Amino acid sequence: MRFRYTEWDPVRHGSQKPLFEELFDLFQELLEHTAGDAEEALDWMRQLDDQYDLTEGSDKDLDDFIEELKKRGYLEEGEDGETVEITARTERSLRQSALEEIFNDLRKGGMGDHRTPYTGQGDERLPETKDWQFGDDLSNLDVTGTLSNSFKRSGVGDDWHLDEDDFQVHKTDHHASMATVLMIDLSHSMVLYGEDRITPARRVAMGLAELITSKYPKDTLDIVAFGNDAWEIEIEDLPYLDVGPYYTNTRAGLRRARDILHRRNNRNKQIFMITDGKPSCHIENGEMYRNAYGLDQKIVNKVLDEGVICRRQNITITTFMIARDPGLQDFVRKLTEVNRGRAYYAELDDLGSFLFEDYVRNRRKHVQ
């Protein structure tokens, strides 16, 4: 027996990632905190490199990493020719990274799939059969069972024939499609008191977008940002979502979400709302009525009215409250009650787990 000794390759033996992947993971993490600002993220990396020598032991430096990002299509020159910006490929990578991070914990708990427990005219054929009824798709015909019923009834002689009662069809599973609007609070309170709440919300939105587009393409996801007013955000814009000097117009967000869902053909419709604060304004007669102090019942009532309208239109509101104030929790409790929806009081670290688990396990079940 002969042995051939070679230099230990830690990458090939799985003990660590290649340097580019390690730096790219860090770059993506920083992009999430800088709302997609590549220049700021790279500036942070340079500071970290000065302090910790990120490329120690390699013949490559940070400038080589940046050039590799450009070569691989993750960075491109800005319009001014002096700065760099992330590309669509990076945006997609950020969504995939967010999805993987959030699902890591969920997989440990045995996450279910996207199927409803109902049978009938659906997408996936089951081994179980049932008597044929008018409207059942004959492409799901159980030939063996049908012929067996016929032979049992009429025998195999000259009188053999098929009768309507002989027909058997395979049962099918429903894979219900869902129309979801994710509302994200962009009011100034999302970054107050030294706590970054917008980054986890942004990460969850990116992960949910990637989940739906990759695994549940029949579902739809729309993003609504709300502050002084409400506006739609394209999936491609998610990495750049950031807070502003806004009050919290929850009513406008719910109205915009409801309008979007009205245009969707999906039978199952829901709103996910991520917020850390109380509703503090609404538009009345073309002007803003605002009150940042306490729960203004006039503003609260407008929001509760929207909750009732959503219930009447079979739109469930699930609120993810990332604040522990008893008064705010009482408001969420009232909104949940009038809408007959759901509410979670989530910490920033488990916001994604709460939202994803609710989306995958607790979809509306009334598709028939």
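Every Cα-Cα pair in the stretch 19-86 was counted, and those over 19 Å apart are 27% of them. Listing Phe27, Phe20 from fewest to most neighbouring C-beta atoms within 10 Å gives Phe20, Phe27. With a Förster radius of 51 Å applied to the beta-carbon distance between Asn301 and Asp350, the computed FRET efficiency rounds to 0.95. Projecting the Cα atoms of Val204, Gly327, Met190 onto the charge dipole of the stretch 178-361 (Cβ charges, centred on the Cα centre) puts Gly327 farthest toward the positive pole.
Of all aspartates and glutamates in the structure, the ones whose alpha carbon falls short of 19 Å from that of Lys130, not counting any fewer than 8 places away in one chain, are Asp142, Asp163, Glu164, Asp165, Asp166, Asp173. Among Ser97, Ser154, Ser187, Ser139, sorting on how many other beta-carbon atoms sit within 10 Å of each Cβ, with the fewest leading, yields Ser139, Ser154, Ser97, Ser187. Computed about its Cα centre, the charge dipole of the stretch 19-86 is approximately 220 debye, with only Lys, Arg, Asp and Glu carrying charge at their Cβ.
For the stretch 178-361, the number of Lys pairs with C-alpha atoms closer than 22 Å, counting only pairs eight or more positions apart or on separate chains, is 9.
We did not get these values from a lab; they are worked out from the coordinates using the rules stated. Just so we're clear, the structure is a prediction, and the values are computed from it rather than from any experiment. With ideal geometry, Cβ positions are generated from the backbone for all residues, glycine too; neighbour counts draw on all protein chains shown.
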